[in-house]
Amino acid sequence: MKKILIPTDFSSFAKLAENTAMTIASKSNAAIEFIHLMDIPKYLSPSATAATELPEELKSKIGAAHQYLNELIQQAGHKGLQAKSYVTETSSIEVIKNHVDEHDIDLIVMGSHGTGGLKEAFLGSNTQRVLRTVSAPVLVIKNEMPADLKNIVFAATFKEDVHKAFAKILNFAKIFGSDIHLLYVNMPYNFEDSTTSVQRMQEFAAQYPTHQFKQHIFNAFDEESGIIKFSKINGIDLIATTTHGKSGFMQILSPSITESLANHSSLPVLSINLK
């Protein structure tokens, strides 16, 4: 891992992501980049208008943003980390997507309040948009993440080719020395014999002869509640899943399990986009 991106709106949830990203960067010797998205009307854009012509309130907001970002860079520097910061003139999620592609970002760390917290300026529904849009893995944080991640669960059907995505999860687990649990949630409306599930998971695990995984089948009425209940019972520290990045009508008809987990689980969620 070489570069970590932290979108921040300077909220308490963003602070969790900032701290977590610095911890990961310290463990992996990665550089970090902070980005703050501002929604500035084009006719007032600093790139098109002299700064002296901007309204005082807007100049104050821009100045405060740069000051906070400079403080974050200083914090990173005290930890021996290389850091940069960016302030944009639009709050469009496309800015993050383009930044990821242009700067070769390996991981995005975002704070989120989910459905139970106060709505902040940027983090919230935008976290879900990032999950389904960007190509880089996204780590969603809602609470202080343990410095030592002992147990990571990878929940999947193991019917699709997810090996490329799983390789990124393995790399993440290596940073913390975490044990990986493979989980298949067996549901009434999609029930299958345990022998079939076990065989498929064993075939998946056999592709990684140098690794040892704990394999689990957990019965639940739906996938999301099954993953959350399993994690609580088994002392899981982080949930890892894949997403197809569905959008539009497909998103409405078939909500992403990853997005639901990011909303409802108190644990960190690591999402790998299969697109």
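Quick check: is even one residue across the range 110-128 outside the structural domain of GLY177 (by TED's automatic domain parsing), among the aliphatic types (A, V, I, L, M) and modelled with pLDDT of 90 or more? Scanning the range 110-128 turns up at least one residue that is outside the structural domain of GLY177 (by TED's automatic domain parsing), among the aliphatic types (A, V, I, L, M) and modelled with pLDDT of 90 or more. Yes or no: the range 48-56 includes at least one residue that is assigned to a helix (DSSP H, G or I), at pLDDT 85 or above and of a type outside the set (Val, Ile, Thr). No, the range 48-56 has no match at all.
Note on the range 19-40: residues that are among the aromatic types (Phe, Trp, Tyr) and either in contact with a Pro (Cβ under 6 Å, 6 or more places away or on another chain) or surrounded by fewer than 17 Cβ atoms within 10 Å (Cβ to Cβ) (or both) amount to 0.
Listed here are the residues, each with its yes/no results for (1) surrounded by 14 or more Cβ atoms within 10 Å (Cβ to Cβ); (2) of a type outside the set (A, V, I, L, M, F, W, C); (3) modelled with pLDDT of 95 or more.
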| site | (1), (2), (3) |
| --- | --- |
| MET187 | yes, no, no |
| SER194 | no, yes, no |
| ILE233 | no, no, yes |
| LEU238 | yes, no, yes |
| LEU253 | no, no, no |
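Contact map, the range 79-100: first residue basic (Lys, Arg), second residue not in a strand (DSSP E or B), Cβ cut-off under 7 Å, separation 6 or more or different chains; pairs are LYS79/MET22; LYS79/SER26; LYS97/THR133; LYS97/VAL134. Could you check, for the range 216-225, whether at least one of its residues is touching a residue at least 60 places away in the same chain (Cβ under 8 Å), in contact with a Lys or Arg (Cβ under 7 Å, 6 or more places away or on another chain) and of a type outside the set (A, V, I, L, M)? No. Scanning the range 149-184 for residues that are without any contact (Cβ under 8 Å) to a residue 40 or more places away in the chain, surrounded by fewer than 20 Cβ atoms within 10 Å (Cβ to Cβ) and under 25 Å from GLU18 (Cβ atoms) yields LYS174, GLY177. Do you know which residues across the range 122-170 are of a type in the set (A, V, I, L, M), under 20 Å from PHE13 (Cβ atoms) and not in a helix (DSSP H, G or I)? LEU123, VAL134, ALA136, VAL138, LEU139, VAL140, ILE141, MET145, ALA147, LEU149, listed by residue number. Going residue by residue through the range 213-233, is there one that turns out to be out of contact with any helix residue (DSSP H, G or I) (no Cβ under 9 Å at 6 or more places or on another chain), over 29 Å from THR20 (Cα atoms) and in a helix (DSSP H, G or I)? Within the range 213-233, none of the residues are out of contact with any helix residue (DSSP H, G or I) (no Cβ under 9 Å at 6 or more places or on another chain), over 29 Å from THR20 (Cα atoms) and in a helix (DSSP H, G or I). Apart from one condition, LYS84 fits all of (1) at pLDDT 85 or above; (2) part of a helix (DSSP H, G or I); the exception is (2).
The values are calculated or read from the model by the stated rules, or taken from the named source; none is laboratory data. Worth saying up front: this structure is predicted, and the values here are computed from it rather than measured. When we count neighbours, we look across all protein chains shown, and the Cβ atoms used for this are built from the backbone with ideal geometry, even at glycine.
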